[in-house]
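These notes are about the structure you will find just below.
Since every read-out is calculated from the coordinates, none of them should be taken as a lab result. In this text, all values refer to a predicted model and were calculated from it rather than measured experimentally. Because the Cβ atoms are built from the backbone with ideal geometry, glycine has one as well, and the counts that use them run over all protein chains shown.
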Amino acid sequence: MSYVDTHLLPHEKVVYKTRITAWIYAQSFIYIAAAFVVEFFYNQNAVESRKGFVIAFLILLFILSILGCYIKRSTSEFAVTDKRIIIKTGLIRRNSLEIFLRQVEGLYVDQGILGRILRYGTLSIIGTGGTKEPFQFIDDPMGFRYAAQTQVAMTQDASTEPSARVP
């Protein structure tokens, strides 16, 4: 069972869930591409004696990088509920943020050109008191922000007294 599911308050419902984008695996393939470059383009005798070691080292870096990306992606959860924003990252060193919607002052999304095309970016949650928590490589950060803003607006509307509402 996921962290979000085990830490829900009574009668709390998950509205939106996302995770770290699968595009983080792309950085790992640089190592395997470098191994192919070494294998096929460096055939000089001086380099030939170390070529096998370099290729094995690059493959080891590839495997470790893939494993690290898998752990990072599978141990990170981002959720908007009808009462809170819940974020948990990390396996050994856990970093969790659980902020009630009424304490959210803003959500900031930073996406470069590649992030806009591939639908990932950095999400920063600004809470009361000026705390700012950035989370990188979030899958569909605009969808997360929209879901959170919708829930914040609904929470604010529900907390406003009926006599104070504008007709």
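Using the Cβ atoms and a cut-off under 12 Å, what net charge is assigned to the surroundings of LEU97, where Lys and Arg are +1 and Asp and Glu are -1? Result for the local shell: +1. Helices meeting the span-like rule in the chain (full DSSP H runs, Cα extent of at least 18 Å along the helix axis, mean Kyte-Doolittle score of 0.0 or higher): 45-74.
Rounded to the nearest 0.05, what FRET efficiency do SER74 and GLU12 give with R0 = 25 Å and r taken as the Cβ-Cβ distance? Could you check? For R0 = 25 Å, the calculated efficiency reads 0.60. Dipole orientation for the chain: of the candidates VAL80, VAL104, PHE57, PHE57 has the Cα lying most toward the positive pole (charges on Cβ; Lys, Arg +1; Asp, Glu -1). Among the trypsin sites (Lys or Arg not before Pro) within region 62-108, those in coil by DSSP and having at most 10 neighbouring Cβ atoms inside 10 Å are ARG93, ARG94. With the Cα gyration tensor of region 71-128 giving a ≥ b ≥ c as the square roots of its eigenvalues, does the rule (a/c under 1.5 for rounded; else a/b larger than b/c for prolate; else oblate) give rounded, prolate or oblate? It is oblate, given that a/c is not under 1.5 and a/b is not larger than b/c. What residue among ALA22, GLY68, GLY121 has its Cα farthest toward the positive end of the dipole of the chain, where the charges are +1 on Lys, Arg and -1 on Asp, Glu, each on the Cβ? Projecting each Cα onto the dipole axis, the largest value belongs to GLY68. In the chain, the calculated helix contribution to ellipticity at 222 nm averages -14000 deg cm²/dmol per residue, counting -39,500 (n - 2.57) for every DSSP H run with n ≥ 4. For the pair region 73-95 / region 1-20, the C-alpha centres are spaced 9 Å from each other. Given +1 at the Cβ of Lys and Arg, -1 at the Cβ of Asp and Glu and no other charges, the dipole of the chain around its Cα centre is 180 debye to the nearest 20.
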